[in-house]
Amino acid sequence: MMKPQVEAWDNTKDDPTKPVELILGGNDFTSITEKVSDIVLERKTPRAWYIAITATAGLTGIMFLMIAYLFMRGVGVWGLNNPVGWAWDITNFVFWVGIGHAGTLISAILFLLRQKWRTSINRFAEAMTIFAVICAGIFPGIHVGRVWVVYWLFPLPNNQAMWPNFRSPLLWDVFAVGTYMTVSLLFWYTGMIPDLATLRDRAKGRVKQAVYGALALGWRSSHRHWHRYEKAYLLLAGLATPLVLSVHSVVSFDFATSQIPGWHTAIFPPYFVAGAVFSGFAMVGTILIPARKWFGLEAIITKHHLENMNKIILATGSIVGFAYATEFFIAWYGGNPNESFAFINRAFGPYAWAYWTMVTCNVVTPQLFWSKKIRTNLTVMWIMYIFVNIGMWFERFVIIVSSLSRDFLPSSWAYYRPTPVDIMTFVGSFGLFFTLVLLFIRFLPMIAMAEVKTVMPIADAHSGERRSVGDYHGDIPSHIRDGGSPK
Amino acid sequence: MAHTHVPTLQDTRTTLDGLGPRVFGTSLAIGVVGMLAAFGLGSAQGDNLKQFAFAYVLNFAFFLGVSLGALIFIGIMYVTRASWNVVIRRLAEVMAAVTPLLALLAIPVILLAGRVYGWMDPAIAHSHAMAHKVGYLNQGAFTLRWAIYFIVWSGYSLFYWRSSVAQDKTGDLKITRRFENLSGFALMATAICTALASFDLVMSIDPLWSSTMFGVYYFSGSFVSFFAVLTLVTMGLQNSGRLTRIVSAEHFHDYGKLMFGFTFFWGYIAYSQYMLYWYANIPEETAWYLMRSTHGWGKVGLATLFCTFALPFCGLVSRWAKRNRKVMAFWAMWIIVAQWLNLYWVIMPEYSEHAMFSPAAVALFLGIGGLWFAGVTRLAMGNSLVPTRDPRLDESLRFENA
Amino acid sequence: MSATPRNGALHALMTDFESPSQFMQACVKVRDAGYRHWDAHSPFPVHGMDDAMGIRGTRLPWIVLVGGITGFSAALLMQWWMNAVDYPYVISGKPLLGLPANFPVIFELTVLFSAFACFFGMWGLNGMPRWHHPLLANDRFRRASQDRFYVVIEARDPKFDSERTRAFLASLGGAVVEEVREIVEA
């Protein structure tokens, strides 16, 4: 790859007098199309890709072996004990669901907020959302103990005339995660239709033409279609926005509706959502930084994009820190001895090491992003992303395990230790995640070409022409509308 | 297509001029009369001004919320480098910069604390449940905290307003850059103070009840009220021939989206807090909601649910509604009343176990509201109503919703 | 190009442009010329084209509203039937139909049904999927999804006249005017 002046590209300078250039390197519609679709259609698959997917598929295999072993022997193969009935299984579930929040935040919320920079990274983040939710879905499925009746989670008519309990937050989870998965998939696919058509029109082999052609649903780039398509996209964004709030809120309800000290607190829903966005952006960044380099996409995913992501990480990290502090303050203020003990126990009890790992990675290090130097340095930011990933896993571990291991009755306290099966299942889930990511970057357009084209200055069809004056205020008294000043 | 020209500031009037003193005088008069009437009504109750004190806290919390909403709005606009808002940002600046006046209006809250706050009641203050926090909840610490809150809020809001006005003359880009660099810290400090202030001002009326969500609950409601007030102020100015043309349907559409979005957010927060306490059913937590769902207060709460959430949600969901001036004006007024009613439902049950109507609260809405608005008008006089030399003004004038 | 079928009846005439602004000006002219069965194709939605083409608002929001109402009612009825009527049991002291606890599922299904209505509603209104279309068989048209902008006037338009329409299209300043033929099954 030729990329002579990549290092010189810097669009992170703040200049309030003019809009930021989002696409660099003198690209036009043709070059954007070529750069993105050639990765899928033209370029020879690099050997590194084969090596990587072998490794990740191997890890995935380990996970499935562990799950098979779990099915044969039961949940006793994990380190669970009494009172710690939930540990790595649910920690991993919440961790992965959380990561799955960045995609919809970028594609839906940033869309509604007119953040044009999202177009370079939304496809990638949405794909990651779906893969993360797939990883997440595995854990509650396998943790139920009697996996052969896992269909009881769904309201299916059965010969025992039983229905699930809709007043249980665990069932809300089934609906929330199921809806989220489905809607994210619809949203991802909707966004991809025009790009699949591009691939169809550029593909040379018959198989590729047929497959991308089938997936593109006969999209003809018609403006009569674009009109409804854009409306559908807007409506899906409007639906996905409250949905993304609801999913991690419902996950937080799993804990917050209980009476367990450290779990039952009203701020959990928004605090979980902020944490989810925080961890999701970190994971997007973790993959994006190497991907843009390997595939030479520095002109499309610019430093400005990464800096914006870092700002969101700083903001959500600060919200998470604020929530930690509020919890601590109210645990003291509220005066419930169990509640205040739960928090002191987190910070100074047997899981203090996990707690301080969490605080360091989630609250302390992200604050370095206040410095512009740090938030525009690729190496440093990548290390920070790793920290956030670690910190957010520990957050869920701390919440779940520290509260359960020391609840109301000191005689039943117990310390939880993971078994190798716990560890290998979790590590294996990364294998699944990265396998899916690798397949995605090999076979699907990883940048939303059509959307990127809309934010390029050359896409503006009427530069110079503007909206008509006062087009809305037909109901302002006419002497004011036309004359400008009264009397 | 009639897309021909970008509106400029020359197309309209951007100063209050003669209108300023008239509005200032009228609001001041309403404020003073409202205050005196409320005081009279309160004294007539013969309850040692107890109802007056509760009503005062209620209305103080409402208008403080509007100003804090404005301050947080400005901060968010700078950190996100937003441009659409520039043409109306001066209005938010003066609404925020009135915080020193609110500091004066906070003095009665401190003086009347004994009639409102449970922790001033010796029987509660010496109880076992309060033992660990008497050092935090007492009149001295309460006063000190309010002093700190107001130093932070006034510091930031005056800084925004003064520098922005200065930029009108100099057009100095450094000012915009400084705003952008400092707004992150300003937001953090404002958010922390707002959360703690909501604990002090409203939550600690019942010192034995607490919720980690309360700060977010108060903020989300206040933010909706702020957008409603901003909408009505902008419309009022346009009806007087000011800011016409330059503030267009596009800007109102955004007001509508923000009102709609934060109405939904408020509903989400209110539901989460309520549902979690209802579900876990822990006595010391549900007591607070029990008090607000019995003896007639339940009906007020239900009305709150519909008026504050369900109806404006349905009313503002469509694009048509957000771009229709009359519909927007209706919902803005509705939301102000509904959010006020919600605060009434949160605060007044502590005064009276049975649902009641407090004329003093209405009089104080006019009293504090009148003084607040007089302060806002006074700040808006003499300067442009638009940050004339903001580097993003042109973008704001050209702004179009996609 | 050789792959373009030449043997079918005339489907449409098309011309293409390089820049969005030429494209939009051309669309305004086609609109003002009174054609009805015509379309504009571009690799991304060009801002302002709805006006330029005279496209009116879509019914999609109403379809989504119907989907949402269906989801809302279905969720409420389902929970009421399953937990309060067909298989009632008290658990953790909650009422059989306790709205605070039933709300999350109501919300999720409202969103789910709305999203399906939106997704498939868009398919339906756009006549998707339609894999077989004369334009898709035209090689020149392939760049509509990449980097060129096309105006297409269909032969079934009442104002269509192969000579005059061809001249009209040529006057718009596009690259070339090309015939699009119907696909003839072998």
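Quick note: the coordinates plus some simple rules give every number you see, no bench work behind them. All values derive from a computational prediction rather than experimental measurement. Neighbour counts are summed over all protein chains in view; Cβ atoms, including those assigned to glycine, are modelled from backbone coordinates with ideal geometry.
Based on DSSP H segments of at least four residues, each scored -39500 (n - 2.57), chain C has a per-residue ellipticity at 222 nm of -13500 deg cm²/dmol. FRET efficiency for the B:D121 to B:E284 pair, using the beta carbon distance and R₀ = 25 Å, is estimated at 0.90. Each residue, A:D14 and C:I183, gets one label point 7 Å from its Cα in the Cβ direction; the gap between the two is 5.5 nm.
Here r is the Cβ-Cβ distance between B:A166 and B:R22 and R0 is 22 Å; the resulting FRET efficiency, rounded to 0.05, is 0.20. By other beta-carbon atoms within 10 Å, ranking A:V363, C:V66, A:V149 with the fewest at the front produces A:V149, C:V66, A:V363. Each part reduced to its alpha carbon centroid, the range B:236-301 and the range B:324-394 end up 14 Å apart. Computed over neighbours whose Cβ is under 14 Å from that of B:M348, the net charge equals 0, Lys and Arg +1, Asp and Glu -1. Long hydrophobic helices in chain A: the complete DSSP H runs spanning 24 Å or more by Cα along their own axis with mean Kyte-Doolittle hydropathy of at least -0.5 are A:47-73, A:122-143, A:169-202, A:223-256, A:268-294, A:303-334, A:378-397, A:420-443. Taking the fewest neighbouring Cβ atoms within 10 Å as the starting point, the ordered list for B:L137, B:L232 is B:L232, B:L137.
Here each label is just a point 7 Å from Cα along the line to Cβ, and for A:I344 and B:L341 those points are 4.6 nm apart.
Averaged over the residues of B:212-222, the number of partner chain Cβ atoms lying within 10 Å of the residue Cβ comes to 4.
The simple spin-label model puts a point 7 Å past each Cα toward its Cβ; for B:A129 and A:K208 those points are separated by 7.1 nm. Taking one quarter of the surface of the C-alpha convex hull of the protein assembly as shown gives a mean projected area of 45.5 nm².
Legend: translational diffusion of the range B:1-94 by Stokes-Einstein, Rh = Kirkwood radius over C-alpha pairs, 10 °C, 1.306 mPa s; D = 92 µm²/s. Cross-link check: pairs A:K303/A:K373; A:K208/A:K293; A:K116/B:K322; A:K231/B:K257; A:K35/A:K453 evaluated at a Cα-Cα cut-off of 18 Å; pairs beyond the cut-off: A:K208/A:K293; A:K116/B:K322. Here is what passes the span test in chain B: the DSSP H helices with alpha carbon length of 27 Å or more along the helix axis and a Kyte-Doolittle mean of -1.0 or above are B:19-44, B:50-79, B:139-170, B:173-201, B:214-239, B:249-280, B:325-347, B:359-380. Relative to the longest principal axis of the C-alpha atoms of chain C, give the angle of the C-alpha long axis of helix C:20-32, reported between 0 and 90° and rounded to the nearest 10°. Here the helix axis deviates by roughly 90 degrees. Listed from fewest to most Cβ neighbours within 10 Å, the set A:F408, B:F262 follows the order A:F408, B:F262. Result for chain B in a Gaussian network model with C-alpha springs under 10 Å: among B:V116, B:V229, B:V79, the largest mean-square fluctuation is at B:V79.
Specify the angular offset, from 0 to 90 degrees and rounded to the nearest 10, of the alpha carbon long axis of helix C:99-126 from the longest principal axis of the alpha carbons in chain C. That works out to roughly 20 degrees. At a Förster distance of 30 Å, what's the computed FRET efficiency of A:L368 paired with A:W294, Cβ-Cβ distance as r, to 0.05? For A:L368 and A:W294, the calculated efficiency is 0.70. Under 16 Å from a label point set 7 Å out along the Cα-to-Cβ vector of B:L173, the amide N atoms of the range A:9-51 belong to A:11-21. Shielding of peptide A:308-314 by partners, expressed as the average count of other chain Cβ atoms within 10 Å per residue Cβ, is 1.
For the pair B:V32 and B:T8 in one chain, pulling the backbone fully straight at 0.36 nm per residue adds 4.7 nm over the alpha carbon distance. Relative contact order of the range C:60-126, taken over Cα pairs closer than 8 Å and 6 or more residues apart, is 56 percent. Applying the criteria of a DSSP loop state and at most 10 other Cβ atoms within 10 Å to the trypsin sites (Lys or Arg not before Pro) of the range A:133-215 yields A:R146, A:K204. Could you name the aspartates and glutamates whose alpha carbon sits less than 15 Å from that of B:K169, not counting residues in the same chain fewer than 8 places away? Cα-Cα hits under 15 Å: B:D390.
For chain A, the relative contact order works out to 30 percent when only alpha carbon pairs closer than 8 Å and six or more residues apart are counted. Relative to the 2.2 N^0.38 Å rule of thumb, the range C:60-126 has a C-alpha radius of gyration ratio of 1.36. Placing +1 on each Lys and Arg Cβ and -1 on each Asp and Glu Cβ, with no other charges, gives chain A a dipole about its Cα centre of roughly 960 debye. In the calculated pair-distance distribution of the range B:37-194, the portion above 29 angstrom amounts to 34 percent of the Cα-Cα pairs.
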